[in-house]
Amino acid sequence: MEYVENIIGRKIPKEVNGRKLRPFRGIGMEPIPDRKTATKIRRRLPGEKKLLKSIEEAIIKSGLKDGMTISFHHHFRGGDKLMNMIFKQIAEMGIKNLTLAPSSIHPVHAPLVKYIEEGIITNIQCGVTGPVGDAISRGKLKGLLIVRSHGGRARAVEDGDCRIDVCFIGAPTADEFGNLNGVEGKQACGPLGYMVPDAQYADMVIAVTNNLVPFPCSNISINQNHVDYVVHIKNPIGDPAGIVSGTTRITRDPIRIKIARNCVKVIEASGLLKKGFSFQSGAGGISLAVTQFLGERMREKEIQGSFGMGGSTSALVQLLEEGLFKRILDVQAFDREAIRSLKDNSSHIEIGASQYANIHSSGAAVNVLDTVVLGATEVDIDFNVNVVTESDGRILHGIGGHQDTSEGAKLSIIAIPLLRGRNPVIVDRVTTVTTPGMNINVIVTDYGIALNPKSPYYRRLKRKKTIQYKTIKELRDIAYKLVGGPPDPIPFKDRIVAIIEHRDGTVLDVVRQAKDK
Amino acid sequence: MKIVRTAQAGTLESQDVLITVQKGKPNTGLVIELDSPSAVQYGSKIQSEIETIVMEFKIEDVHIKAIDKGALGFTIKARTEVALKRACE
Amino acid sequence: MANKKTDFNFIKKTVEDVTKIRRTRLYIPGNNPAMIRNSPLFGADQIIFDLEDGVAVNQKDAARILVRNALKELDFGDTEVTVRINSVDTEFFEKDINEIIPAKPYAIVFPKAEDEKQLLDVCNQMGVVEEENNIPIGSIKVTPIIESAWGILRAENIAIACDRLVGISPGGEDLTADLGAIRTLEGEELLYIRSKLVLAARAAGIQVFDTVYTNIRDTEGLYNQTKRIVRMGFDGKACIHPCQIEPIHRAFMPSEREIERAERIVEAYTMAQKEGVGVICVDNRMIDVPVVKQSERILKRAEAAKKR
């Protein structure tokens, strides 16, 4: 195999499975393609109906054949039932050799492992959590897994790197003419933002709903002109309990609280926390606490921010309702409060995946973010981040918006405890690079805060006497001392099972097949 | 020292380890059965930490089962020592 | 009063031993590896690994070894580490001393202190273990907790029982029970006891630490109580949850005016020392040594507040 080294020092094969790989060359260094892809032209004449009664009928009408690419959204998260349901039907119909390109795969999709083993699914393009990732790491997938960020996925769909033949959209509410919303019905999930590129660029779009309402439905988030068929079934497409949590509780863990408080200190010290401030964080324990503590500081300093970006949570909604942020831009909702807010509050605005994070667009929302607080599985002394592979080398997580927000935001902060069990989080070299270190400004851990010397905020933050810093190497040394030395190398087989793309479509790293224990 | 009974020390809480010490079959030496989320990167370190403590006790045939929940060295060694003491007393 | 057995070559306590900032003393259950590992991260001035009430009777052996290993292997940075052992009337006491002393904590927190003789015996026993382990005798300090009416009555004798003693404190729960009193938020039932311990400690030239505030959810109540004991003269307060550290530190934070005045007093005193002037005046008031000491204490607290 022939290799080239990319700009962050990872050896990238020139070609895998006949797929030519372009090495990552740095931010904005890769030439952009000329045109986006175009979708197939469809025609609906007056009087033609779109309503179908069964999944089987929908699959037949979609023209799905061996070797095609299909997509789904992950807005139902752990409560999704649609993907498993459709694949059961596909398997019965004997269709094989499919490329599965949803916006994410979750542990609830464990039944797909069987279809991978049977060759019904032979390629996967998306972030993967749970048993499917494990199966891929063990070499069960015939082809390759391409892991992209949310923005990278939107780019790939629109650029034609990932052409969607048939897109199945689980719709909490739909009318018979194909207008869809995510805020009403039993399976309400909030925005349908991750499916906007698919709705616009797939050759065939099929909505599946349990909640059919008279035309036209309200709160339309995906439009009739993109949707070819609406399937109304009784069988639930999602389990509400798995789709959203109740109100997400703020952590009581003093370690996470300490880390969150320090994140807020850093944000304040950066000078960004002023009128018009914008911010994104996720739904994890530290992120939620950061959102809450930021709110406290904004209240005390009487600062009104411009927007908070979601993954929205009740913590963020509270800040909107208090007037501490003027708007929420939201691509997905994590709890009931967030869904209610999206439905009722005109300042809570739904955005699509491209609008959120696509680098090949005329402006993604991540580009106007002041600061983002993110997690990590590993960070190395060059600040490269791994969020995909576990300490045993297996693929267990997706990238989400990590690459996009860290690149777009002025100040990107990684907030993590220094150890996960006995595994050090700060290491000499991450197992897999999933976000390049050049996009990371600060690491906040329970054992100290480290600044990236290459960050534009380095000098400004370093000057502040309110914060004591350590170097990233000092943090690594503390971690290694605690756990008894550097980790043993993870044994891998030679076969490449996954490609980690940067959001621009170049390759950051590859993942090899894990050796069985 | 001599093992007179099967004994345990530790818990299954996060960052702890549950060590179970049993008399081994004659001439099997030290057998360690390790179940750890850090087995790939730190399994050999955990094994050697357990070994050092067993050596101090000068016991011949012993079977040790370690169910690890991310314990650091000081905990692995402490739990092994206590389990052995409880097994020998 | 003299320490007969260890008079010879005994490491005397230093000024640092009895003036160090110890606003918070955080109890960590001795059989919990996660909390032990995290203990230096919360910003407490002192950690107390607890082998006594925080450990089930059938896990005393496990906690003892775990804490000993932690003391030997973990890096606690500038956080002072102490261990609360089991009381002298238990079967665990001797084993605790024998395992913990060689691991060299800063001090032993000695519960259920009853009188000076008992304490002197304990200090001597510690000396034996120190000697066996080639640790200079007197290295490891002692902070007794007085938990009975009898003990409180002997407080001034306990405070001078041995040169290892660097501070004393009351044990709130047991003491209230022993008195037949009811524990209140205002703490009037402990008022005399607190006052008496401050007096005993200052007379002996050592520090005095308050007992715990048991409601961990009520951080404002904790703050108010801490304010009161700061005014009474306490140097610190025990705590049982990391979330109690911030309110206690806040309560120990001197005001701008106090800091400013303390700075002027210390400055005037230093000048006077240099120039050999006997009497010093600040704001038209004569300043004597206790006021200077108090001012130094205030400045130390202000300094500590900047760090944590």
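What follows is calculated from the coordinates using simple rules that are stated; it is not laboratory data. From a predicted model like this one, the values you see are computed outputs, not experimental measurements. Heads up, the Cβs are rebuilt from the backbone with ideal geometry, glycines too, and the neighbour counts pull from every protein chain shown.
Descriptive notes on the structure:
- When both the stretch A:322-344 and the stretch A:210-231 are represented by their alpha-carbon centers, they are found 22 Å apart.
- Residue-span extension gain [A:Glu322 to A:Lys142] - 0.36 nm each, minus C-alpha spacing: 59.6 nm
- Site pair A:Val4 and C:Glu188 shows an inter-label distance of 8.3 nm when each label is modelled 7 Å from Cα along Cα→Cβ.
- Global form of the protein assembly as shown, assessed from the alpha-carbon gyration tensor, a/c cut-off 1.5: prolate
- Once the Cα-Cα distance is subtracted from the 0.36 nm per residue extended length, the C:Lys104 to C:Arg297 segment shows a gain of 66.7 nm.
- Shielding by other protein chains, B:6-13, mean Cβ within 10 Å: 3
- Put in order of Cβ neighbour count within 10 Å, fewest first, the listed residues A:Thr37, C:Thr14, A:Thr435, A:Thr69 become C:Thr14, A:Thr37, A:Thr69, A:Thr435.
- Fraction of antiparallel bridges per DSSP, the protein assembly as shown only, in percent to nearest 5: 30 percent
- Three-way shape call for chain A based on the alpha-carbon gyration tensor, with the a/c threshold at 1.5: oblate
- Modelled FRET efficiency - R0 51 Å, A:Gln468 with A:Ile349, Cβ distances, 0.05 increments: 0.80
- Computed from the Cβ-Cβ distance with R0 of 51 Å, the FRET efficiency linking C:Glu173 to B:Glu60 stands at 0.55.
- Where labels lie 7 Å past Cα in the beta-carbon direction, separation of A:Ile220 and A:Lys481 in nm: 6.3 nm
- Each part gets one Cα centre, and for the stretch A:1-27 versus the stretch C:93-117 those centres are 63 Å apart.
- Judged by a Cβ-Cβ distance under 4.7 Å, the unpaired cysteines of chain C are C:Cys239, C:Cys243, C:Cys281.
- Placing pseudo-labels 7 Å out from each Cα toward the beta carbon at C:Lys12 and C:Glu263 gives an inter-label distance of 3.5 nm.
- Alpha carbon centroid spacing (whole Å) that separates the stretch C:213-260 from the stretch A:177-197: 51 Å
- Using R0 = 60 Å, the C-beta based FRET efficiency linking C:Ile160 and A:Ile303 works out to 0.60.
- Projected-area mean, the stretch A:53-243, by convex hull of Cα positions, square nanometres: 9.2 nm²
- Residues whose amide H comes within less than 5 Å of that of A:His348, counting only those at least five positions distant or on another chain, are A:Ile328 (H built at 1.01 Å from N in the peptide plane).
- Over chain A: helical MRE at 222 nm, DSSP H runs n ≥ 4 each giving -39500 (n - 2.57), nearest 500: -7000 deg cm²/dmol
- This ranking places A:Ser54, A:Ser361 by how few other beta-carbon atoms lie within 10 Å of each, fewest first, which gives A:Ser54, A:Ser361.
- Greater than 23 Å apart at Cα, pairs in A:Lys515/B:Lys23; C:Lys20/C:Lys104; A:Lys265/A:Lys410; C:Lys20/C:Lys306: A:Lys515/B:Lys23
- Across the stretch A:254-500, Cα-Cα pairs farther apart than 24 Å form 45% of the total.
- Each helix, a run of at least 4 DSSP H residues, gives -39500 (n - 2.57); summed and divided by the residues of chain C, these come to -14000 deg cm²/dmol at 222 nm.
- Shape class for chain B, computed from the alpha carbon gyration tensor (a ≥ b ≥ c): prolate, with a/c not under 1.5 and a/b above b/c.
- Ranked C:His241, A:His348, criterion: other C-beta atoms within 10 Å, fewest first: C:His241, A:His348
- Net charge in the neighbourhood of A:Gly139 (other residues with Cβ under 12 Å of its Cβ; Lys, Arg +1, Asp, Glu -1) is +4.
- Legend: P(r) of chain C from all alpha carbon pair distances, 10 Å bins from 0, whole percents, reading 6, 26, 35, 24, 8, 2, 0.
- Working from Cα pairs under 8 Å separated by at least six residues, relative contact order for the stretch C:15-252 is 19 percent.
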